[in-house]
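Report on one structure; see the data block that follows.
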Amino acid sequence: MDQSKPLKVRLTFSIILVGISLLFAAVVTDHWAVLSPSLEKNTTTCEAAHFGLWRLCTKRIFMQEQGAKERSCGPISLPGDHNCSYFKHFTPGETSEIFEVTTQKEYSISAAAIAIFSVGFAIIGTICVLLSFRKKRDYLLKPASMFYTFAGLCIIISVEVMRQSVKRMIDSKETAWIKYSYSWSFACACASFVLLFVCGIALLLIALPRFPQNPWETCMDAEPEH
């Protein structure tokens, strides 16, 4: 029996917990993407926006002069009037003009639903690992590793859906947004994918029985014939 196996499991599980923390941070925060509008010449303020899976936040901030003719809206970290509202397709009483287009609604709902699946897989995997710490329950590590791998795959699919949503929004003539950038919630989602997917596979390899290093080990472990 590999005496270092429990230590490897705990070390891998610790890294997985970091990935789960990043996953929760990405799902509940509203900084997946930052949008900048087209700028008017005779105005000193502009309304930038940042959003996540559930909410849209707009902020009226002062424009910065970058050169003789170049001006930019932001950065969004500057102080200004801040207003957040949930997307209308999640709460019918709220309004959100950005996601009124049917295509954007579908992308937004899909990204949120897939992210919820990712969270569910991560929770189930964690329960399996915690139960495996009891004696003679190492068999739970294998399904746990698969759940973590599925969680990683789901969150990266959600990231891709969100990326396509932002790209289509910028390309659409029905919105006033002309520039975009991805923010730290988006980075948390990508980092959680790497940690959950890689550590999920690592946990599966740890849970597999150790292969004999030479043919004599198999022969020595065989039961004698009567």
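The values are calculated or read from the model by the stated rules, or taken from the named source; none is laboratory data. Fair warning: this is a prediction, and the values are worked out from it, not measured in the lab. As a convention, Cβ positions derive from the backbone with ideal geometry for all residues, glycine included, and neighbour counts pool all protein chains shown. Quick note on the areas: whole protein, heavy atoms, side chains included, nothing else; ligands and nucleic acids left out. Shrake-Rupley method; radii C 1.70, N 1.55, O 1.52, S 1.80 Å.
Search region 7-26 for residues being of a type in the set (Gly, Ala, Ser) and more than 14 Å from residue 123 (Cβ to Cβ), and hand back the single one that is surrounded by the most Cβ atoms within 10 Å (Cβ to Cβ).
By that ranking, first place goes to 26.
Which ones in region 183-212 are under 30 Å from residue 48 (Cα atoms), buried (at least 20 other Cβ atoms within 10 Å of the Cβ) and small (Gly, Ala, Ser)?
Hits for region 183-212 are 185, 189, 192.
So residue 183 passes all but one of these: (1) touching a Ser or Thr at 6+ places or on another chain (Cβ under 8 Å); (2) within 28 Å of residue 106 (Cα to Cα). Which condition number does it fail?
(1)
This table checks each residue for (1) open to solvent by 30 Å² or more (accessible area, probe 1.4 Å); (2) part of a loop (DSSP other than H, G, I, E, B); (3) farther than 30 Å from residue 110 by Cα; (4) at pLDDT below 80.
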site	(1), (2), (3), (4)
31	yes, yes, no, no
43	yes, yes, yes, yes
47	yes, no, no, yes
69	yes, yes, yes, yes
72	no, no, yes, yes
76	yes, yes, no, yes
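Could you please tell me which pairs satisfy a Cβ distance under 8 Å, a separation of 6+ or placement on different chains, a first residue in region 200-219 that is at pLDDT below 85, and a second residue that is outside any loop (DSSP other than H, G, I, E, B) and not polar (S, T, N, Q)?
Going by the 8 Å Cβ cut-off, the qualifying pairs are 208/142; 212/221.
Within region 127-160, how many residues are within 17 Å of the chain's Cα centre (by Cα) and in contact (Cβ under 8 Å) with a residue 24 or more places away in the chain?
Of the residues in that region, 13 qualify.
Take the residues of region 124-154 that are surrounded by fewer than 14 Cβ atoms within 10 Å (Cβ to Cβ) and of a type in the set (A, V, I, L, M): which is farthest from residue 189 (Cα to Cα)?
It comes out as 131.
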